[in-house]
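S.K.: Dumping the structure here so I can ask a few things about it.
The values are calculated or read from the model by the stated rules, or taken from the named source; none is laboratory data. These numbers come from a predicted model, not from an experiment. So basically every Cβ, Gly included, is an ideal-geometry build from the backbone, and we count neighbours across all protein chains shown. Please note that ligands, DNA and RNA were not included when accessible areas were found on the heavy atoms of the full protein model with its side chains. Shrake-Rupley method; radii C 1.70, N 1.55, O 1.52, S 1.80 Å.
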Amino acid sequence: MKPTAVFLLAALLLCGGIWLYGIYFGTSRPPHRRPPGTTSPGNRRVEKTDVAWRSQLTWAQYRVMRERSTEWPNSSPLNHEHRPGTFVCAGCRNPLFSSKTKFESGTGWPSFYDPVVPNAVYTEPDGNRTEVRCSVCDAHLGHVFSDGPDPTGLRYCMNGVAMAFVPATPPR
Ligand SMILES: [Zn+2]
């Protein structure tokens, strides 16, 4: 082989390696762009690299929260969580929903009719659906539909894997 060919081959392998590394570790993934004017409770923000999210979250959590996947219906133990308390973001602990607004939707996903505060989450168009994201860490949480119960008529259809439950501390 000519030295130029060797050099070109080496350059090709190097570029290919960097490209694959970028795909695998997500270094090429741009940060999520929030809608202008998006706020969060206390202006709290949690921004991490893809590598950091991968090491913090389980594979199932990462797939849903950072890659907008959907968990299998009826797969989350939070479907059957009926104690008083708060459902927080599994990525950043941002309080999302109160148990008071949880209802049985029969869909197999934990469902709520209102976030704990209006700016706990934000929404973005997602085809003919409306996506719901955590306002602190931008994690994909689920979708919101307009067939929910009173008083809001909304149904926040959430992935249980994207949330953690914090039971209310009983009064002493
Ligand atoms: Zn979050």
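S.K.: It is to be established whether one or more residues within segment 52-65 are open to solvent by less than 40 Å² (accessible area, probe 1.4 Å) and over 13 Å from the mean Cα position of the chain (by Cα). Working first, answer last.
M.R.: Narrowing segment 52-65 to residues open to solvent by less than 40 Å² (accessible area, probe 1.4 Å): 52-53, 57, 61-62, 64-65.
Next cut, over 13 Å from the mean Cα position of the chain (by Cα) only: 52.
Yes, the conditions are met somewhere in segment 52-65.
S.K.: For F7, which of the numbered conditions (1) of a type in the set (F, W, Y); (2) modelled with pLDDT under 85; (3) not in a helix (DSSP H, G or I) fails to hold?
M.R.: The one condition F7 does not meet is (3).
S.K.: Could you list all residues from segment 10-31 that are open to solvent by less than 90 Å² (accessible area, probe 1.4 Å) and at pLDDT 70 or above?
M.R.: Answer for segment 10-31, where residues must be open to solvent by less than 90 Å² (accessible area, probe 1.4 Å) and at pLDDT 70 or above: A10, A11, C15, G16, G17.
S.K.: In addition: When you scan segment 80-165 for strands (runs of 3 or more DSSP E) that lie fully inside it, which ones turn up with 3 or more residues that are crowded, with 19+ Cβ neighbours inside 10 Å, more than 12 Å from the chain's Cα centre (by Cα) and not acidic (D, E)? Break it down stepwise before answering.
M.R.: On the way: elements: 85-89, 95-98, 121-126, 129-134, 140-145, 155-158.
Correct list: 155-158.
S.K.: Another one. If you check T169 against the conditions, is it under 18 Å from G91 (Cβ atoms) and either among the hydroxyl-bearing types (S, T, Y) or surrounded by fewer than 17 Cβ atoms within 10 Å (Cβ to Cβ) (or both)? First the steps, then the outcome.
M.R.: Numbers: under 18 Å from G91 (Cβ atoms): no; either among the hydroxyl-bearing types (S, T, Y) or surrounded by fewer than 17 Cβ atoms within 10 Å (Cβ to Cβ) (or both): yes.
No: the conditions fail for T169.
S.K.: What are the pairs with Cβ atoms under 7 angstrom where one residue, in segment 47-73, is among the small types (G, A, S) and the other, located anywhere, is at pLDDT 95 or above and buried (at least 17 other Cβ atoms within 10 Å of the Cβ)? Sequence gap at least six, or different chains.
M.R.: A60/E71; A60/V161; S69/R63
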